Amino acid sequence: MKILYAASEAVPFCKTGGLADVAGSLPAALAAQGAEVAVVLPLYQKVKEKFGDQLFFECYDYVDLAWRHSYCGLFSLEKDGVTWYFLDNEQYFGRPDLYGYMDDGERFGFFSRAVVRMLSHFKFWPEVIHCNDWQTALVPIYLKDDGVREDRFRSIRTVLSIHNIEYQGRYGKETLGDLFGLDHGWADDGTILMDGDVNLLKGAILCADAVNAVSPTYANELKMPYFAHRLDGIMRQCSYKLSGVLNGIDLNRYDPASDTLITANYSIADMGGKQTDKAALQRMAGLRQEPYVPIVGMVSRLVSHKGLDLVCEVLHDMMELPMQLVVLGKGDRKYEEFFQWAAQQYPGRMAVRLDYNEELSMAIYAGADLFLMPSRSEPCGLSQMIAMRYGTVPIVRETGGLKDTVRPYEAWRDAGNGFTFANYAGSDMLYVIREAVYLYKDYPDAFARLRRRAMESDFSWARSAGEYLHIYSTVTGQPWPPAAAEEPAPAEEGAPQAPAAEEEAPASEETPAGEAAPEEPAPVQEAVPAQEPAASAEPAAPVPEEAAPEKKPPAKRRPAAKKAAAKKPAARKSASKSGKKSPVKKETAPEKGTAGK
Ligand code: GLC
């Protein structure tokens, strides 16, 4: 199976949020299970600076976006069995930040256009392009648009992952033709139009062959107005192709036994180091050296959907408990000011750093005892998983991926791997914080068992990758694992997963757009309990034949790619000429395009 993963950020190259963690780990996990995987990213200035000398110049071409005709360079790098492609255009991506420019629509319009137009220069013609969020939402749309004229694009299936539906790529209606180069038909039939604006995410949800939310609960929530930022009707309409695959975390990167960023290493078998990390955190943050007082940690963007209003509301009640609080993050000014002010009220007991700093964040994951994440909405959330891996017991609100990863503590049968509360209310949050703090203080043995269950939770990517491969198999009609090689790839833990129930949402769930949300929507996919052993799953069943789309003989693809190559002798020549490792700057062709607005 040939998968192209298109994203606007990925670690270790560039990161602003959780998407980068996912795009940085999922492709390698797919490759480890036997898929052929390439990733495509913009070549940002930061990537050039940090990784320029590792990039291999492949070729360049010109990409048309409406009336613009712009240079696009193609660079590559091989890593963990995955080919990483970088699309270069100095004018769009040679800037200090990833996002936040007034022409972001044009920048990612260009990127999505370039992903489609540069396909023939990639090492394989993909069977599936997996897009992520609004920045690559135009890819499924362009594939449909180009597919009308060019057969070769019709063989490609698309999957769209929604990491946060709040960001939709909304632009004025006039951008449809002038900026994105699309015919007015796309607006006339409503596909790409929403509330009078061009809405790229909406268009992609409708055009993609499968849509995925990053947790089973988020997939359900997206059908409700409270969570969907006006796209609930579209999500209900598309629930037949909606799934919710929980993200994983990179278990090698986040391993308290080998992490070099933390003061002392430890593991389930030997927890000694955690106490050292606690002392180190107290020192670093200027908290009192009190080994028996639990530290509640928060590492979060300081924005409202992270549930900070609840913390502001009951902060003084929290600080009456025998606990310390440490907060790391930056964001909205009102929260920054509040936390800074509050920290001054509780010297030695509360510390705040308005920053994002990886070392300090790891010091909190390792040194804190409890991790607070009271999000109002949380598509998946990675921090709670990292915290659990480091034996820092999470306290979360039951929403999105938080609900799917944290099972509430039940004292009477000694079960659960964290603390949860359901209502978005300060008093409810305070109640469970109190419960957690006193469990830590008064019942250290019970707390140690709870901590152990948190550390044992399975958040490996292998499980999620198996579920994605099942989705790819469903949209392409190709069996997975491939019929010839029935056995799973030996390198990975756990077999490919049992067919997830995700796509098979009952037809009755298909609610026409605009209708009220069902009160209690049926689960899109059964939440995968965090500890369910991957090995118990059966291999994905082959998709029945009638579901298979028309198969294109591979021969058809080659000439297309060749034709494109033949059309651009200069580009191909420059590629073959430069068949050696070469620093980016030297090889980048001068930008000739008129890419401006
Ligand atoms: C977004 C979401 C977060 C999720 C991440 C990766 O950042 O807000 O909940 O974990 O994407 O999918």
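Just for region 272-459, what percent of DSSP beta bridges are antiparallel, to the closest 5?
On the way: 1 of 21 bridges.
In region 272-459, DSSP labels about 5 percent of beta bridges as antiparallel.
Protection proxy ranking of 31-38, 374-381, 73-80, by the mean of other Cβ atoms within 10 Å over each peptide's residues and highest first, is 374-381, 31-38, 73-80. Counting only protein heavy atoms and a 1.4 Å probe, region 2-208 has 30 square angstrom of accessible area per residue. Extension gain, residue 268-residue 332: 0.36 nm per intervening residue step, less the Cα-Cα distance, totals 19.3 nm. Descending by average beta-carbon neighbour count within 10 Å, the peptides 237-247, 16-26 line up as 237-247, 16-26, the highest first. Counting only protein heavy atoms and a probe of 1.4 Å, the accessible surface of region 67-149 is 52% carbon and sulfur.
Here region 272-459 exposes an accessible surface that is 48 percent carbon and sulfur, computed with a 1.4 Å probe and the other protein chains kept in place. Note on exposure: 456, 127 ranked by accessible area (1.4 Å probe, complete protein assembly) read 456, 127, with the most exposed listed first. Taking 0.36 nm per residue of separation and subtracting the current Cα-Cα distance, fully stretching the chain between residue 320 and residue 53 would add 90.7 nm. Label positions at residue 16 and residue 167, each projected 7 Å from the Cα along the C-beta direction, are separated by 0.5 nm.
Give the separation of the Cα centroids, region 175-223 to region 229-243, in Å. So the separation of the two Cα centres works out to 11 Å.
Relative protection proxy for 394-406, 329-341, from highest mean packing down: 394-406, 329-341 (other beta-carbon atoms within 10 angstrom).
In this simple spin-label model, placing a label point 7 Å from the Cα along the Cα-to-Cβ direction at both residue 443 and residue 356 gives a separation of 3.8 nm.
Multiplying the residue separation of residue 346 and residue 312 by 0.36 nm and subtracting their alpha-carbon distance yields 10.8 nm. With a simple spin-label model that places each label point 7 Å from the Cα along the Cα-to-Cβ direction, the separation between residue 46 and residue 62 comes to 3.3 nm.
With R₀ fixed at 30 Å, the C-beta to C-beta distance from residue 434 to residue 257 puts the FRET efficiency at about 0.40.
The values are calculated or read from the model by the stated rules, or taken from the named source; none is laboratory data. All figures in this text were calculated on a predicted structure; none of them were measured in a lab. We place every Cβ from the backbone using ideal geometry, glycine too, and count neighbours over all the protein chains shown. Areas reflect the complete protein model, heavy atoms only, side chains present, ligands, DNA and RNA absent. Shrake-Rupley method; radii C 1.70, N 1.55, O 1.52, S 1.80 Å.
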